[in-house]
Amino acid sequence: MRWFVLSLALLATSPSFAASPAVRDGGTIDVGGVTYRLSGIDAPAADQLCIDDHADSWACGADARDQLTKLISDRDVHCEDLGPDAVYKKWHLGLCTAQGENASLNQLLVRRGFAMNLAAAGESRFGQDETDAKGDRRGLWKGCFVAPHEFRTGQKGGVLLGSACRSDKDREIRDALFPQDPAMPSGCGIKGKYALRAKVTGNIGIYHLQACSSYPALTRPDRWFCSEDDAKAAGFRKAYNCRPFTRQRS
């Protein structure tokens, strides 16, 4: 009887793992009906571009998303809920671990070079993992890129990072990292444009759905998003000229 009670206590305190986690991008995952932004790291958005070690444009955001998918494979995932995300309260911050792993997905992404350590309030949880990845030229560090948070906020003059950055090619590299006509990632058809007028509502830009009258005319979006939640979490608001879909009567 004592063994049975002890077993129940262990089950109650052990982490529960949720099946079928869904990866949104290199730093965001849906687990058990909750969307978690992986805490302590700065990972590329799905539409971020980098330069690879051959000086070619590289869809590093898509690769970071694929890397997280491979790290999870077909395993269940447990996320320690660290509270609402500071930018988008509908999402939460999480320290997430795939079943059978000792290291978190957060740490593994930094260790493999597909995310940066995000130091907050003096905390540098994955600083050594970033140092090792940078020294070994893993993932993003093998090429040239801007920090993911600088890409998301359109800081085209941000510091260039990585082993393949060349000071004599600064302008060419920045043009490749922030192209005037970025290609749409697969399944991500929502257009985003940085706009000063969006700051009135506390945003950095405006996103346009296919149901928006402005969608066809916006031929050079700054960002592409896979869902409205992704756009809102990036600090964009919906265009005011969008109309809800209504079925026409026959």
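Screening T97 with (1) within 15 Å of T35 (Cβ to Cβ); (2) in contact with a His (Cβ under 7 Å, 6 or more places away or on another chain); (3) hydroxyl-bearing (S, T, Y) gives one miss only, at (1). Residues that are at pLDDT below 95 and either farther than 30 Å from G143 by Cα or surrounded by fewer than 18 Cβ atoms within 10 Å (Cβ to Cβ) (or both) within region 183-194 comprise A183, M184, S186, G187, listed in sequence order.
Could you count how many residues in region 226-242 are in a helix (DSSP H, G or I) and surrounded by fewer than 15 Cβ atoms within 10 Å (Cβ to Cβ)?
Number of matching residues: 1.
Exactly one residue out of L95, L71, L82 is touching a helix residue (DSSP H, G or I) at 6+ places or on another chain (Cβ under 8 Å), surrounded by fewer than 22 Cβ atoms within 10 Å (Cβ to Cβ) and in a strand (DSSP E or B): that is L95. Checked against the criterion of being of a type in the set (K, R), in contact with a Cys (Cβ under 9 Å, 6 or more places away or on another chain), modelled with pLDDT under 95 and in a loop (DSSP other than H, G, I, E, B), region 114-133 has no qualifying residue.
Sort through V87, V77 and tell me the only one that's open to solvent by less than 70 Å² (accessible area, probe 1.4 Å) and not acidic (D, E). So the residue among V87, V77 that is open to solvent by less than 70 Å² (accessible area, probe 1.4 Å) and not acidic (D, E) is V77. When D175 is tested against (1) among the acidic types (D, E); (2) part of a loop (DSSP other than H, G, I, E, B); (3) closer than 22 Å to L140 by Cα, just one condition goes unmet, and that condition is (2). Looking only at region 118-138, residues that are open to solvent by 10 Å² or more (accessible area, probe 1.4 Å) and either aliphatic (A, V, I, L, M) or within 15 Å of A45 (Cα to Cα) (or both) come to 4 in all. Filtering region 1-48 to residues that are at pLDDT below 50 and among the aliphatic types (A, V, I, L, M) leaves M1, V5, L6, L8, A9, L10, L11, A12.
For region 203-225, indicate whether the set of residues that are open to solvent by 50 Å² or more (accessible area, probe 1.4 Å) and not in a loop (DSSP other than H, G, I, E, B) is non-empty. There is no residue in region 203-225 that is open to solvent by 50 Å² or more (accessible area, probe 1.4 Å) and not in a loop (DSSP other than H, G, I, E, B). Just to be sure before I move on: is A43 free of Cβ contacts under 8 Å to residues at least 60 places away in the same chain, within 21 Å of Q155 (Cα to Cα) and not charged (D, E, K, R) in the structure I sent? So A43 fails the test.
Counting residues in region 40-57 that are among the hydroxyl-bearing types (S, T, Y), open to solvent by 20 Å² or more (accessible area, probe 1.4 Å) and out of contact with any helix residue (DSSP H, G or I) (no Cβ under 6 Å at 6 or more places or on another chain) gives zero. Annotation note: of K191, K238, the sole residue that is free of Cβ contacts under 8 Å to residues at least 40 places away in the same chain and in contact with a helix residue (DSSP H, G or I) (Cβ under 8 Å, 6 or more places away or on another chain) is K238.
The values are calculated or read from the model by the stated rules, or taken from the named source; none is laboratory data. Since this is a predicted model, take the numbers as computed values, not measurements. Methodologically, a virtual Cβ is constructed for each residue, glycine included, from the backbone with ideal geometry; neighbour enumeration extends over all protein chains shown. Just so you know, the surface numbers come from the protein's heavy atoms only, side chains and all, with ligands and any DNA or RNA stripped out. Shrake-Rupley method; radii C 1.70, N 1.55, O 1.52, S 1.80 Å.
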